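Report on the following structure.
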Amino acid sequence: MKCQRCPKQATLHITEVLTGDQFEELHLCEDCAKKYLYEPTQVAKKPGKAGAGGVVATEPEAGDEPGGKQCEVCGIKFVEFRNTGRLGCPHDYDAFREELLPLLESIHGDTKHQGKIPQRAPRANAAHGELSKLRKKLQQAVQDEAYEEAAKVRDRIRELEGD
């Protein structure tokens with residue numbers, strides 16, 4: 001998981017209880033955690049009530065609060081997702097896109113799924129994936145009338161199929 005304030009790896013996870021049903025989770029690297037915990041100048045941007053550990057809790061504004069957003073299809077609020085860890089429908093990915101992208105990036109390190117191939121999988125699977133890509137490239141080259149490129153791709157396909 002990545003630090004919420006810099007690109008380093010998060011090593012400290014802080015959960016602050018703001019009110020009875022509201023809490024804030026912070027995922028910080030060692031350097032940012034020291035700044036957050038020990039420097040008194042690190043307070044919230046808006047004035048509010050002082051919470052535990054001298055941290056200032058801010059009052060949410062109507063448009064500022066991410067939990068205020070709601071999916072038009074299923075009606076789930078972002079704060080419900082944060083509490084349960086489950087979205088209500090596929091449309092939630094679009095409705096909460098701004099909040100989900102940084103969350104996914106901090107958890108997984110990226111926002112695009114790359115997939116993995118098991119190490120014990122035969123090499124034929126890797127060659128099969130490459131063949132699929134080459135066939136698409138060949139079709140595109142023929143459509144674009146780039147026949148020299150198409151011939152090179154065709155030769156590479158034959159080479160892989162021969163193995």
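The values are calculated or read from the model by the stated rules, or taken from the named source; none is laboratory data. None of the values given here were measured: they were computed from a predicted structure. Note: ideal-geometry Cβ built from the backbone for every residue, glycine included; neighbour counts use all protein chains shown.
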Being touching a Lys or Arg at 6+ places or on another chain (Cβ under 7 Å) and assigned to a loop (DSSP other than H, G, I, E, B) is the filter; apply it to segment 9-32 and report the residue that is modelled with the lowest pLDDT. ALA10
With the structure loaded, tell me whether GLY54 is of a type in the set (Gly, Ala, Ser), under 25 Å from GLU24 (Cβ atoms) and at pLDDT 70 or above or whether it fails that test. no
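Which of the residues belonging to segment 85-117 are assigned to a loop (DSSP other than H, G, I, E, B) and in contact with a strand residue (DSSP E or B) (Cβ under 7 Å, 6 or more places away or on another chain)? Write out each step before concluding.
Looking only at segment 85-117, we keep the residues that are assigned to a loop (DSSP other than H, G, I, E, B), and these are 85-91, 96, 109-117.
Correct list: GLY109 only.
Do the conditions hold for PRO66, that is, is it assigned by TED's automatic domain parsing to the domain that holds HIS108 and modelled with pLDDT under 70?
Working: assigned by TED's automatic domain parsing to the domain that holds HIS108: yes; modelled with pLDDT under 70: yes.
Yes: the conditions hold for PRO66.
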